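Colleague: So that we are looking at the same thing, I have put the structure below in structure tokens.
The numbers here are math on the coordinates, done by the rules we state, and not lab data. As the structure is a computational prediction, the values presented were derived from the model and not from experiment. Counting neighbours? That spans all protein chains shown, and the Cβs are built from the backbone with ideal geometry, glycine included.
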Amino acid sequence: MNADKVILGWREWLGFPDLGISSIKAKVDTGARTSCLHAFYVEPFEREGADWIRFGIHPNQRDNETEVHCEAAVRDRRVVRDSGGHEETRYVIETTITVGDQRLSAEVTLTDRDSMKFRALLGRTAIRRNYLVDPGRSFVQGRRKKRKPGRTG
């Protein structure tokens, strides 16, 4: 095993500091090319001639009351095929993701994941150079921060 690589379990706690999300449970999904974040609504708008989106996130599993509202510049729109073979056009943003003490910049697609077990997926493109996944372990990079998930600082 490469000593320079950080080990991840099959599920980890992530942060999205640019979006004000201190912690959200994610599945580390090497079958997904791009990382994905739950958004229960997505509204496009324009800011200074650039395409932006406003979206809402329920950061906690089984909790549709806690909401975090975010804005981000649109990087792209792509057709994404889910594990069931269904195609959907999704907005893509670029944002910072924290995994334990590590910070990485990644493209993230937005879709409604209310019916899914995990509100976020960490895809293989985000982790391909610096991480290895141990599918027999969980939360290798630490447990959830004690503070309530949602808006930071």
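Colleague: Report the net charge of residues surrounding Glu94, where surrounding means a beta-carbon distance below 10 angstrom and charges are Lys +1, Arg +1, Asp -1, Glu -1.
Modeller: On the way: positive: Arg75; negative: Asp18, Asp76, Glu107.
Local charge sum for Glu94: -2.
Colleague: Could you line up Thr30, Thr89, Thr109, Thr95 from fewest to most neighbouring Cβ atoms inside 10 Å? If you can, show how the numbers build up before the last one.
Modeller: On the way: Thr30 15, Thr89 10, Thr109 24, Thr95 20.
Final ranking by Cβ density, sparse to dense: Thr89, Thr30, Thr95, Thr109.
Colleague: Quick one: what are the phi-derived ³J(HN,Hα) couplings along the range 116-129, Karplus 6.51/-1.76/1.60 with θ = phi - 60°, whole Hz, x for glycine and proline?
Modeller: Residue by residue, the range 116-129 yields 8, 5, 10, 7, 8, 10, 9, x, 5, 4, 5, 10, 4, 8 Hz.
Colleague: Using the Cα centre as the reference, give the magnitude of the dipole from point charges on the C-beta atoms of the range 6-134 (Lys, Arg: +1; Asp, Glu: -1; all else neutral), rounded to the nearest 20 debye.
Modeller: About 560 debye.
Colleague: Counting other beta carbons within 10 Å of each residue's own, what order do Arg119, Arg144, Arg103 fall into, fewest first?
Modeller: Arg103, Arg144, Arg119
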